[in-house]
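Pasting a structure below so you can have a look.
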Amino acid sequence: MKIYYNEKKDLLYIRFEEGKREVVNKRVTDDIVLDMEEDDKIIGMEVLDASKRLNLSNILPITYDLHLKESAGAVGEMGDNP
């Protein structure tokens, strides 16, 4: 997943799937557009006027916790991405 923010256009885009794909734009509200594959799988989401709709300071910069399943005796790992 990748998150892009264009401050000049105040547009937040979240890309859930990598690679080039044929998508159809589906407007959910006046400010939210989904990029969807033919089988209704959501590939990305665009939020217009993002700073008015979201608290961007809670989103950017992005941090996350990664919890991995135990495999071959390994313990789950946690990390963050500044």
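I want to check the label-to-label distance for ARG21 and ASP49. Put each point 7 Å from Cα in the C-beta direction and report it in nm to one decimal.
2.8 nm
Now a separate question. Over 15 Å apart: what share of the alpha carbon pairs of segment 2-59 falls there, rounded to a whole percent?
48 percent
None of the figures in this text is laboratory data; all of them are computed from the coordinates on show. Since we're looking at a predicted model, the values are computed, not measured. Cβ sites come from the backbone with ideal geometry, for glycine too, and all protein chains shown count toward neighbours.
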